[in-house]
Amino acid sequence: MATAEQPTAGWSVELDTTPGRRQAQEEFLLHHADGTDERITLHDYARVYDVPGLYEEVVQRRLECASPQTVAAALVEAAAGEGRDPAELRAFDLGAGNGVVGEELRARGVTVVAGADGIPEARDAAHRDRPGLYQHYLVGERLDVEQVTAMVGEEHLTALVAAGAVGEGHVPVDSLAQLWDAFPPGSFLALTLAGGEKDHDITDVEAMLEATSTSAHRTRTLVRRSFRHRVSMAGDDLTYLVLVATKD
């Protein structure tokens, strides 16, 4: 175990530094103010989001997660390269959690309209921690495509953003394809994806984009590069890919 940090809001965190664990297996101890301890799996998001500030302390600060700022910056970079002002973009934040990514988008001038996540605890935490950030917040493992399509039209959405939300047991690539189909030409798709060049989540997403090459509105990749997503609890660098594309 790593040394516990000083208490934050009455609690402190001790990371389990056992080597060789996958991201979904990582755990930490939450030391409560009353002296009791609770072992939590990092991907038990329902429990993590239930404690205000816990996600930010463990994932953003201790594990130095860079996906939120990386995907937001890449989206703005790609839009600028296409001659688009970030203020024109109206975003749907897929896998929004408690709003960390949405906050990064808003800080760069993007209008954040909607968020979505698979669990209601994420929605509740977003409204608690960042009130007013999302006008709409959908909950579901597989979103209702007709509902999303209607929202895209009614709210004039032009950016679909998913930081670490596709693959790795989260949003399936076929669901992402259906959601992306709902966005009009001129829209942007901004993702961070786990793994290296040959990781199946990356190859599946790029195959999805390539499948549009003969369609009336093909998807064209604008940004594609690797970056350090975060460190593992054991101290190893975890590399992801950031990818931004536009629909012609």
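At a glance:
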item: Neighbour-limited loop hits for trypsin sites (Lys or Arg not before Pro), segment 26-128 (at most 12 other Cβ within 10 Å; DSSP other than H, G, I, E, B); result: none
item: Accessible area in square angstrom per residue, segment 97-248, 1.4 angstrom probe; result: 43
item: Charge tally in the Cβ shell below 9 Å around Arg228, where Lys, Arg are +1 and Asp, Glu are -1, Arg228 excluded; result: -1
item: Among beta bridges that DSSP assigns inside the chain, antiparallel share in %, nearest 5; result: 60
item: FRET E, pair Arg22, Ala80, Förster distance 25 Å, beta-carbon r, rounded to 0.05; result: 0.10
item: Positive minus negative residues near Arg128 (Lys, Arg vs Asp, Glu; Cβ under 11 Å); result: -2
item: Counted charge near Glu154, where neighbours are those whose Cβ lies closer than 15 Å (Asp, Glu -1; Lys, Arg +1); result: -2
item: Descending principal axes extents, segment 137-248, alpha-carbon based, whole Å; result: 45, 32, 19
item: Loop-resident sites, segment 161-222, for trypsin sites (Lys or Arg not before Pro), counting at most 11 other Cβ within 10 Å (DSSP); result: Lys198
item: Label corresponding to P(r) over Cα pairs in 10 Å bins from 0, in percent when calculated from the structure given, among (1) 7, 32, 36, 18, 6, 1, 0; (2) 7, 31, 33, 17, 9, 3, 0; (3) 7, 31, 39, 20, 3, 0; result: (1)
item: Per DSSP, loop GluC sites (Glu not before Pro) in segment 48-156 with at most 15 further Cβ within 10 Å; result: Glu64, Glu82, Glu141
item: Carbon plus sulfur fraction of accessible area for segment 15-166, probe 1.4 Å, in percent; result: 47
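The values are calculated or read from the model by the stated rules, or taken from the named source; none is laboratory data. Please read all numbers here as calculations on a predicted model, not as lab measurements. In this analysis, Cβ positions are derived from the backbone assuming ideal geometry, glycine residues included, and neighbour counts consider all displayed protein chains. Accessible surface areas use protein heavy atoms only, side chains included; no ligands, DNA or RNA. Shrake-Rupley method; radii C 1.70, N 1.55, O 1.52, S 1.80 Å.
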